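Inspection log for the structure reproduced underneath, given as structure tokens.
The values are calculated or read from the model by the stated rules, or taken from the named source; none is laboratory data. Everything numeric here is computed off the predicted structure, so don't read it as measured data. Positions of Cβ are backbone-derived with ideal geometry, glycine not excepted, and every protein chain shown enters the neighbour counts. Keep in mind that these areas ignore ligands, DNA and RNA; they rest on the heavy atoms of the full protein, side chains included. Shrake-Rupley method; radii C 1.70, N 1.55, O 1.52, S 1.80 Å.
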Amino acid sequence: MKRVALLGATGSIGRQALEIIDGDAGLELAAAASGSQAIDGLAPLTQVGGDLTELLEQAEPDVVLNAVVGFAGLPATIWTLEHGVDLALANKESLVAAGEIALAAQERGGGRILPVDSEHSAAFQCLEGRAPETVDSLVLTASGGPFRGRTRADLDGVTPTEALAHPTWNMGPKITVDSATLMNKGLELIEAHFLFGLDYERIEIVVHPSSIVHAVVRFRDGAALAHLGYPDMRVPISYALTHPERAANPVPPLDLAAGLILEFSAPDEESFPCLALARAAGEAGRTAPCVLNAANEVAVAAFLDGRLPFLAIAEVVERTLNEIEAPLARDLEELVAVDSEARRVAETHTRELVH
Ligand code: NAD
Ligand code: MG
């Protein structure tokens, strides 16, 4: 029996994880946490809000599924890696904001990171058992979100309701807005850099509207391995929780003869500037990804509140990145200070750009 601690149990990933855990006799839900919704009785140990590492200390899990949204998931990521416990990571923001600190914690603790983000789970599976020197480059696919094909002018005045209507994935509100701005793919670029140790110039983003191919790894001999599947998060959740066993789950097999359309194109970085902002922040390194993430969280929350126009999300992120020099953070405390400062600066720019 694998003891699972599920953080973010009431969210989109959390609910699908509960389904996978319920259907797998080898998985036992030892602990569950949510941000604010009541979850009494869901697991032997439960916690609502507060410091999630207290729950993890008591739960003694074999694997932690971190499905909290945003920077709030960081302490649990660090705790898990530091304790040598397997980390099934959906909370990409923690790795984006604290990549070096998280990898140092992993080095000390020896825990494994099993990606839950679908593209990273796909890349992980294509890369498993391959010698690093044989890998040429990695391609992550993006659906393009609900606004694919639109010009900047077309994006002026789009509403939260329009942004929340994602064509292929059904997800929580923050990541759905990130998918509409393409910041989600920017965060995933940085996530992939830390997960797979690849330089940024070796990670490419392509738009693939049907979300069937999740990632492609190109090798030095001209071969490329792709990972395909219906857009269903139960697949990567199940893979991360049961690795290396690849347990059976209720997801139907891929029906190629039904007429799948596999179309690819380059992203439109003019209509969707967040992708280039994320790439620049990743390349700048130090705490630039932390600043990018913090400013994005502030701007997306303001957009969802109806205060900030859609196009101003990228503007808030860009202004915040320009204003903060992004110093080096040697530990969690210094990183949290940079995150707070970035939030303060981003709030100021948000107030300047409100409707
Ligand atoms: P969601 O908004 O549906 O759920 C978020 C969960 O986190 C909820 O259970 C909420 O109670 C909890 N939470 C929020 N703040 C918290 C806090 N301060 N402390 C403790 N718990 C807190 O979000 P989601 O779509 O399930 O996404 C979760 C994470 O997984 C995000 O980082 C997202 O980027 C990533 N992810 C999601 C999907 C998807 O399909 N939904 C795909 C890939 C990656
Ligand atoms: Mg993803």
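Quick one: net charge of VAL85's neighbours, Cβ under 13 Å, K/R +1, D/E -1?
-1
Looking only at GluC sites (Glu not before Pro) in DSSP loops with at most 14 other Cβ atoms within 10 Å, what is the longest site-free stretch of the chain? Could the numbers behind the result be given before it?
Working: sites that count: GLU128, GLU245, GLU263, GLU269, GLU270, GLU325.
For GluC sites (Glu not before Pro) (loop position, at most 14 other Cβ atoms within 10 Å), the longest site-free span of the chain is 1-127.
Rg and Dmax of the chain, Cα atoms, in Å?
19.3, 54
In Å², what does the accessible area per residue of the chain work out to with a 1.4 Å probe?
It amounts to 42 Å² per residue over the chain.
Which one of LEU95, ILE78, PHE147 has its Cα pushed farthest toward the positive end of the charge dipole of the chain, where Lys and Arg give +1 and Asp and Glu give -1 at the Cβ?
It is PHE147, whose Cα lies furthest towards the positive end.
Is the shape of the range 95-145 rounded, prolate or oblate, going by the alpha carbon gyration tensor and its root eigenvalues a ≥ b ≥ c, with a/c under 1.5 for rounded and a/b larger than b/c for prolate?
Cα axes put the range 95-145 in the oblate bin.
Could you list, bin by bin from short to long, the percent of Cα-Cα pairs of the range 155-201 in 5 Å steps?
The calculated distribution, bin by bin, is 5, 20, 24, 17, 14, 10, 7, 2.
What accessible area, in Å² to the nearest ten, does a 1.4 Å probe give for LEU225?
Using a 1.4 Å probe on the heavy atoms, I get roughly 60 Å².
Compute the Rg/Rh shape ratio of the range 53-116: radius of gyration over Kirkwood radius, all on alpha-carbon atoms. Kindly include the intermediate steps, with their values, before the conclusion.
Working: Rg = 10.2 Å, Rh = 11.1 Å.
Ratio of gyration radius to Kirkwood radius for the range 53-116: 0.91.
Rounded to the nearest 5, what % of DSSP beta bridges with both residues in the range 128-268 are antiparallel?
70
Taking the Cα atoms of the range 197-335 alone, what are Rg (to one decimal) and Dmax (as a whole number) in Å?
19.1, 54
Cross-link partners among lysines for LYS174, C-alpha distance below 29 Å, same-chain residues fewer than 8 apart left out?
LYS92, LYS185
Could you give the alpha-carbon Rg of the range 143-257 over 2.2 N^0.38 Å, rounded to two decimals?
1.21
Taking only the alpha-carbon positions of the range 18-80 and ignoring solvent, what does the Debye formula give for the base-10 log of I(q)/I(0) at q = 0.29 Å⁻¹?
-1.48
P(r) of the range 229-285 in 10 Å steps, Cα pairs, percent per bin?
Going from the shortest bin to the longest, the percentages are 17, 25, 28, 28, 3.
Using a 1.4 Å probe on the protein chains only, how many percent of the accessible area of the chain belongs to carbon and sulfur?
Values: 7620 of 14930 Å².
Looking at the chain in its full context, I get 51 percent from C and S.
³J(HN,Hα) across the range 347-353 via Karplus (A = 6.51, B = -1.76, C = 1.60, θ = phi - 60°), whole Hz, x for Gly/Pro?
4, 4, 5, 4, 4, 5, 9
Can you say what percent of the DSSP beta bridges in the chain, counting only those with both residues inside, are antiparallel? Round to 5. The partial results should precede the final answer.
Values: 11 of 37 bridges.
Of all bridge pairs located within the chain, approximately 30 percent are antiparallel.
Provide the per-residue ³J(HN,Hα) series for the range 227-236, in order, calculated from phi with Karplus coefficients 6.51, -1.76, 1.60 and θ = phi - 60°, each as a whole number of Hz, with x at glycine and proline positions.
10, 10, x, 4, x, 8, 5, 5, 5, x
Convert each backbone phi in the range 22-38 into a coupling constant with the Karplus relation 6.51 cos²θ - 1.76 cosθ + 1.60 (shift: θ = phi - 60°), then list the ³J(HN,Hα) values in order as whole Hz, x for Gly and Pro.
These are the phi-based 3J(HN,Hα) values: 4, x, 10, 5, x, 10, 10, 7, 8, 7, 9, 9, 10, x, 9, 7, 5 Hz.
Explain nothing, just the number: dipole magnitude of the range 235-297 about its Cα centre with +1 on each Lys and Arg Cβ and -1 on each Asp and Glu Cβ, in debye rounded to the nearest 20.
Value, rounded to 20: 300 debye.
How large is the charge dipole for the chain, taken about the Cα centre, if only the Cβ atoms of Lys, Arg (+1) and Asp, Glu (-1) carry charge, to the nearest 20 debye?
440
How large is the charge dipole for the range 183-281, taken about the Cα centre, if only the Cβ atoms of Lys, Arg (+1) and Asp, Glu (-1) carry charge, to the nearest 20 debye?
280
Percent of Cα-Cα pairs per 10 Å bin, from 0 to the last occupied bin, for the range 22-165, please list those.
Histogram of Cα-Cα distances, whole percents per bin: 10, 30, 31, 20, 8, 0.
When the Kirkwood hydrodynamic radius is evaluated over all pairs of different C-alpha atoms of the range 93-204, what value in angstrom, to one decimal, is obtained?
15.7
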